[in-house]
Amino acid sequence: MSSQTFSLKSLQTLRRFLKQRLVLPECEHAPNTFEADEMPEPDSLAGLSSLFDQGGLTHVADSAPNTNGRWFISTVDASNVIKQLPGLTFHPNYCLVTYLYRVQKANISHGRAATWAIAKRLSSTCQLEAALDLAGDHTTPPAPDGALLNYMTAVAGDLTAGSFLKASILQRELQEFGRSGQFNRWQHHRLIDAIPQQCGWQWRIQQPKNLAPTVHHLANGKLAVEFYTCRVAPPIGIFRHIDRYPAKSYVAKSNNQPIAAPARSSP
């Protein structure tokens with residue numbers, strides 16, 4: 001096995017790039033109450049997006065942003081961001097569809113999201129809205145017919161070590177895309193390459209000697225991406241993330257393991 005390390009700065013730059021571009025319109029991030037305009041019903045995700053650009057809302061209630069705990073369709077196709085990443089590409093016949101769920105608590109919008117890769121020919125608004133009929137609360141998101149089980153299946157690339165490291169960060173940013181408030185997860189993690197010194201740590205495993213982001217080249221063309229984060233919101237801890245990739249595929253089996261927690265102060 002051979003290994004290749006990368007700088008923490010490169011990972012932080014990538015994450016910052018993705019966060020700056022994976023952004024929802026304000027009306028979807030924190031929906032307000034709008035009156036429906038007399039506009040033609042959109043027939044695709046692109047049409048739905050252009051309708052919002054005009055400042056109007058579709059009169060189809062299922063598609064409209066709301067804070068009533070009812071899923072709706074985002075106008076953002078996150079696959080456009082992937083096309084800007086050197087070393088990675090997205091299947092030209094597919095798009096990414098994101099469903100959003102918003103509830104208002106103490107004047108704060110809390111949101112969950114579910115993102116799917118789906119063939120463009122199946123992404124008409126009518127077909128995407130059909131999945132809303134089977135959705136439940138935030139634990140039961142819509143799943144459109146024909147969607148891939150894992151959106152990373154639609155991702156391809158140059159198969160370099162760096163491209164797999166990018167894929168690992170990308171998939172986590174996509175998992176977090178559309179989440180807010182109490183539903184944030186990855187948002188609370190900070191990428192690290194050294195042990196934070198703000199407190200002592202109680203280790204669940206032997207303390208690792210090297211926390212630098214690393215790509216391990218395994219047998220038969222397989223790879224493993226390894227990097228570390230510190231979660232800064234409870235439960236605070238140091239996490240080791242290992243993504244195992246089969247040969248020539250960006251669909252990983254991920255393991256996100258808490259390996260240390262703040263040591264309790266002595267009485």
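Cβ under 10 Å from residue 254's Cβ, residue 254 left aside: what net charge do those residues give with Lys, Arg +1 and Asp, Glu -1?
On the way: positive: 172, 244, 253; negative: 243.
Net charge around residue 254: +2.
Cβ-to-Cβ counts within 10 Å put 97, 215, 232 in ascending order as 232, 215, 97, the fewest first. Applying 0.36 nm per residue to the separation of residue 106 and residue 10 and subtracting their alpha-carbon distance, the gain on full extension is 30.8 nm.
Rg to Rh for the chain: what is it, with Cα atoms only and Rh by Kirkwood?
Numbers: Rg = 20.3 Å, Rh = 20.1 Å.
Rg/Rh for the chain comes to 1.01.
A Förster radius of 22 Å combined with the Cβ-Cβ distance from residue 255 to residue 148 puts the calculated FRET efficiency at roughly 0.50.
With an 8 Å cut-off on Cα pairs and a minimum separation of 6 or more residues, tell me the relative contact order of the chain in percent. If you can, show how the numbers build up before the last one.
Values: 506 pairs, mean separation 48.0, N = 267.
That works out to 18 percent.
Within segment 124-173, the proportion of C-alpha pairs whose separation exceeds 18 Å stands at 51%.
Per DSSP helix of 4 or more residues, -39500 (n - 2.57); summed, then divided by the residues of the chain. What does that give at 222 nm, rounded to the nearest 500?
Values: 6 runs with 53 residues, N = 267.
-5500 deg cm²/dmol, from helical runs alone.
Let's test the formula: R0 of 35 Å, r as the Cβ-Cβ distance of residue 68 and residue 187. What FRET efficiency results, to the nearest 0.05?
Values: r = 24 Å, r/R0 = 0.68.
Computed FRET efficiency for residue 68 and residue 187 comes out at 0.90.
Descending by average beta-carbon neighbour count within 10 Å, the peptides 112-121, 246-255 line up as 112-121, 246-255, the highest first. By the rule of a C-alpha distance below 27 Å, with chain neighbours fewer than 8 residues away ignored, the lysines paired with residue 105 are 19. Dimensions of segment 55-152 from C-alpha coordinates, computed as largest minus smallest value along each principal axis and given longest first, are 43, 31, 26 Å.
Amide H to amide H, with H built 1.01 Å from N, residue 89 comes under 5 Å of 156, 157, counting only residues 5 or more places away or on other chains.
Straight-distance candidates among the lysines for linking to residue 222, with alpha-carbon spacing under 28 Å and chain neighbours fewer than 8 residues away dropped: 9, 83, 166, 209, 248, 253. Computed packing ranks the peptides 189-201, 170-182 as 170-182, 189-201, most packed first, by mean other Cβ atoms within 10 Å.
Every number here is computed from the coordinates shown, using simple stated rules; none is lab data. Treat the numbers as computed from the prediction; the structure is a model and nothing was measured. Here the Cβ is made from the backbone with ideal geometry for all residues, glycine too, and neighbour counts use every protein chain on show.
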